[in-house]
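These notes concern the structure reproduced below.
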Amino acid sequence: MIPGEILYGTGDIDINAGAQRLEMQVINTGDRPVQVGSHVHLPQANAALSFDRAAAHGHRLDIPAATAVRFEPGVCRTVRLVPLRGRREVHGLTLDPREGSTLHDAVDRERYAQLYGPTTGDRIRLADTDLLVEISEDRCGGPGLAGDEAVFGGGKVLRESMGQGRATRAEGAPDTVITGAVIIDYWGIIKADIGIRDGRVVAIGKAGNPDTMSGVHPDLVVGPSTEVIGGNGRILTAGAIDCHVHLICPQLIPVALGAGVTTIIGGGTGPAEGTKATTVTPGHGIWPGCWNHWIAGR
C-alpha cells in the first residue's frame, strides 16, 4: 500500500482531440537554444527560428499544455501544430482556420497525472487507508478536453495572450483561481478549476482565456490581476467546523488550520482558569479586544 497513491483508469489521454493538425520544419538559425511553450502563437516566436510563419498563422505547438519544445542551434526539427481555440483572437491579429490532417497525439495516464493531477476514471487512495475515491468528471481537462489545461509558470499556459486574457476585475475576472484540484464534496468527486471573488467561490469549471481556448467558464476568465494557486495533484474539500473551542491562546489558530479546521466556535478570554474549563466569554466587549490583541501579537 502506498499512502495517497493514484490508481489509473484505462486508456491513454488524447491531447487536443479532434483538432486539425499541420506539420512543418523549423530550423534554429541562431547561436543559442530557443524554447517555445505550448500556448505561444508560433508565428510570434523567436525571430531566429526559420519556418513558414504564414502557414503557421493562428497555430501553436501540438504538445501537452505547460510543456515546451527546445530548438537547438543549427538543427532542423519537424513539429506538429494545432489551431488556437475559443474566439481565436490574438492582439492585433485576425485568425483564419487552415486545412490540416486529423492525426492525434496521446499521453499515458501516469504521465498526464504527473503534469496535471489525476483525471476522470482515476482513483485516489485516501492517506494510508483502504478508502479509494474515483474522479467522475474532469471539467478542466482529461479525456476529450486535454490540451488546454490552465497551468501557471514560466513558459507555461497562464501567460499574457495565451491562457491569460485581458479581462479586468471590473469585467468579472476572479481574484483567485485554483487550478486542477480534485473536489470532494457531498454532491460528488470531480476535478476542476475554482474561481474566488471577495473570499467566496464563484465558479467551478475550466479557467483560462476564451480568446484562445474553448469551454472557458464565463466566471473563470483569468485576467492580469488574477492570482493563481496550483491545485494540481491536491484535494480540495470543505473545511471542518469545531464547535467547542476554549479560546486560550492565538497559537490554536495555525494548529486548527493545519488540521483542516477553518471555522471555530467557542469562547473564553485567554489563559484564565475559567477558559481552561469552559467556553464562556463574560461580556460582549471582551472578545473583540482579545481578537485584536491576538492579531497584533502575531
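Given the structure, is Val228 over 30 Å from His59 (Cα atoms) and either outside any loop (DSSP other than H, G, I, E, B) or modelled with pLDDT under 95 (or both)?
Details: over 30 Å from His59 (Cα atoms): no; either outside any loop (DSSP other than H, G, I, E, B) or modelled with pLDDT under 95 (or both): yes.
No: the conditions fail for Val228.
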_When the residues of the range 200-214 are narrowed to those that are of a type outside the set (A, V, I, L, M, F, W, C), in contact with an Asp or Glu (Cβ under 8 Å, 6 or more places away or on another chain) and part of a loop (DSSP other than H, G, I, E, B), which ends up surrounded by the most Cβ atoms within 10 Å (Cβ to Cβ)?_
Thr212
_So Pro218, is it assigned by TED's automatic domain parsing to the domain that holds Ile184 and assigned to a loop (DSSP other than H, G, I, E, B)_ = yes
*If you go through the range 55-80 one residue at a time, how many are over 16 Å from Ile15 (Cβ atoms), among the hydrophobic types (A, V, I, L, M, F, W, C) and touching a helix residue (DSSP H, G or I) at 6+ places or on another chain (Cβ under 8 Å)?*
1
*Taking the options Val40, Val34, name whichever one is in contact with a Phe, Trp or Tyr (Cβ under 6 Å, 6 or more places away or on another chain) and at negative phi.*
Val34
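From Leu220, Leu247, Leu257, grab the single residue that is hydrophobic (A, V, I, L, M, F, W, C), touching a strand residue (DSSP E or B) at 6+ places or on another chain (Cβ under 7 Å) and either free of Cβ contacts under 8 Å to residues at least 40 places away in the same chain or under 30 Å from Lys156 (Cβ atoms) (or both).
None of the other options fit; the residue is Leu220.
Can you pull out every residue in the range 26-44 that is among the polar types (S, T, N, Q) and either surrounded by fewer than 21 Cβ atoms within 10 Å (Cβ to Cβ) or more than 21 Å from the chain's Cα centre (by Cα) (or both)?
Within the range 26-44, Asn28, Thr29, Gln35, Gln44 qualify.
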*Scope the range 238-283; condition more than 30 Å from Ile190 (Cα to Cα), part of a loop (DSSP other than H, G, I, E, B) and among the aliphatic types (A, V, I, L, M); matching residues*: Leu247, Ile248, Ala272, Val280
*Can you tell me which residues in the range 87-138 are assigned to a loop (DSSP other than H, G, I, E, B), modelled with pLDDT under 95 and closer than 26 Å to Val221 by Cβ?*
Arg87, Arg88, His91, Gly92, Leu95, Asp96, Pro97
*In the range 234-244, is there at least one residue being in contact (Cβ under 8 Å) with a residue 24 or more places away in the chain and touching an Asp or Glu at 6+ places or on another chain (Cβ under 8 Å)?*
yes
*Might you check whether a residue that is within 25 Å of Arg200 (Cβ to Cβ) and in contact with a strand residue (DSSP E or B) (Cβ under 9 Å, 6 or more places away or on another chain) occurs anywhere in the range 270-285?*
no
*Among the candidates Gly154, Gly117, single out the residue that is surrounded by 17 or more Cβ atoms within 10 Å (Cβ to Cβ) and under 18 Å from the mean Cα position of the chain (by Cα).*
Gly117
*In the list Ala167, Ala173, Ala113, which residue meets the criterion of being assigned by TED's automatic domain parsing to the domain that holds Gly205, farther than 14 Å from Ile189 by Cα, touching a residue at least 60 places away in the same chain (Cβ under 8 Å) and small (Gly, Ala, Ser)?*
Ala113
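The values are calculated or read from the model by the stated rules, or taken from the named source; none is laboratory data. Given the structure is predicted, the values throughout are model-derived calculations rather than measurements. With ideal geometry, Cβ positions are generated from the backbone for all residues, glycine too; neighbour counts draw on all protein chains shown.
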